[in-house]
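The values are calculated or read from the model by the stated rules, or taken from the named source; none is laboratory data. Just so you know, these numbers come straight off a predicted model, no measurement behind them. Backbone-built Cβ (ideal geometry, glycine too); neighbour counts: all protein chains shown.
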Amino acid sequence: MDKLQAMRTFVRIVEAGSFSAVAKESNTTQSAVSKQVAALENVLAAKLLVRTTRSLALTEEGERYFEQVRRVVAEIAEAETSLKHGEQQLKGWLRVAASVGFGRLKLMPLVQTFLAAHPEVKIDVRLNDGFIDLVERGIDVAVRIGELPDSSLIARPIGVSRRELVAHRNYLRSLPKGIKPPKSPDDLGQHNCIVYTEATMRNAWRLSAGPCASDPEGAVRIVKVEGNLQTDSSEVIRTSVLAGMGIGYAPSWLFEDEIARGEVIRVLPDWSVRSPIHVVMPQERRHSAKVRAFSDHLALGWRGV
């Protein structure tokens, strides 16, 4: 058995969704394609695909294997192309990960312009507000906001994100009698605060004093907040703030347009925190032409927003 060819065939079957489509592209028979997969399963001693007359599905082992082997097949194809053409060509799949809010508002416009500039590239975007293992999920490059833990990942700083307190003007206009908009961090205890559970400190908000704050510039306050809503989704934070449900603590770009229109108000604008934005990638992807080009595109794009 040609193991590499069997791996390529397996990847194409999953991507195309059928044995017949791969047989047609390869100018061979479905029986020949099935035999390649069966031989691969025999070598691995694991069932990769469950096939019925109407559907095709990956087993749990097949899902794990597919994420790893698709990256290997892509890297080999990229290396072969570079030898044939004397340079690395931007071609094939690129798997990109980011948080949901950043992905929708900031990443997707840059994905669009990158694809327009490189028509041979295909991008698989994975958006998730929780932590994901890039190697396990087969991710080529990801955008992460905040301080990075020590890891084997390659990290490149591309900018800074400002996290600040925000509330819809309707929330501030409809406060109960005796409650006023916050004038200092201590006043947050009187307000309904929307808690983001993916943050390290959850309902203990870390605020840093700006040049016009009542505390010396750079002074840090950690304020305990409470509220009737908490979530692990940045999109729920955004929706809740826009609905006037309370005060959120979120990146300013999440409400960029609404702040510009005056619909969302910066609460305690002299108190915020600045977090680094990094492009990160597994060690084995650092030499990929696609990864380097996409990282450059993100860095230039972020400076332009």
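From the list ARG238, ARG261, ARG266, which residue is over 30 Å from LEU94 (Cα atoms), in contact with a helix residue (DSSP H, G or I) (Cβ under 7 Å, 6 or more places away or on another chain) and assigned by TED's automatic domain parsing to the domain that holds HIS168?
The match here is ARG266.
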Screening VAL273, VAL241, VAL267, VAL223 for residues that are more than 20 Å from the chain's Cα centre (by Cα), outside any loop (DSSP other than H, G, I, E, B), without any contact (Cβ under 8 Å) to a residue 40 or more places away in the chain and farther than 30 Å from PRO119 by Cβ leaves only VAL223
Criterion first (within 29 Å of ASP133 (Cβ to Cβ), at pLDDT below 85 and either in a helix (DSSP H, G or I) or over 35 Å from the mean Cα position of the chain (by Cα) (or both)) does GLU41 satisfy it? no
Is segment 188-197 home to any residue that is in contact (Cβ under 8 Å) with a residue 40 or more places away in the chain, of a type in the set (A, V, I, L, M, F, W, C) and touching a helix residue (DSSP H, G or I) at 6+ places or on another chain (Cβ under 6 Å)? yes
Among the residues of segment 139-152, how many are within 15 Å of the chain's Cα centre (by Cα) and farther than 24 Å from ILE247 by Cβ? 7
Residues to consider are LEU110, LEU90, LEU56; find the one that is crowded, with 19+ Cβ neighbours inside 10 Å and at pLDDT below 90. LEU90
Looking at SER184, SER174, SER161 in this structure, which one is more than 21 Å from ARG206 (Cβ to Cβ), in contact (Cβ under 8 Å) with a residue 12 or more places away in the chain and either hydroxyl-bearing (Ser, Thr, Tyr) or in the same structural domain as TRP253 (by TED's automatic domain parsing) (or both)? SER174
In segment 202-231, what residues are surrounded by 12 or more Cβ atoms within 10 Å (Cβ to Cβ) and farther than 16 Å from TRP271 by Cα? ARG202, ASN203, GLU226, GLY227, LEU229, GLN230, THR231
Looking only at residues that are charged (D, E, K, R) and touching a residue at least 40 places away in the same chain (Cβ under 8 Å) in segment 92-136, which one is nearest to ALA293 (Cα to Cα)? ARG95
Take the residues of segment 175-200 that are assigned to a loop (DSSP other than H, G, I, E, B) and of a type in the set (Val, Ile, Thr): which is nearest to ALA213 (Cα to Cα)? ILE179
Out of the residues in segment 191-201 that are surrounded by fewer than 17 Cβ atoms within 10 Å (Cβ to Cβ) and among the polar types (S, T, N, Q), which is modelled with the highest pLDDT? THR197
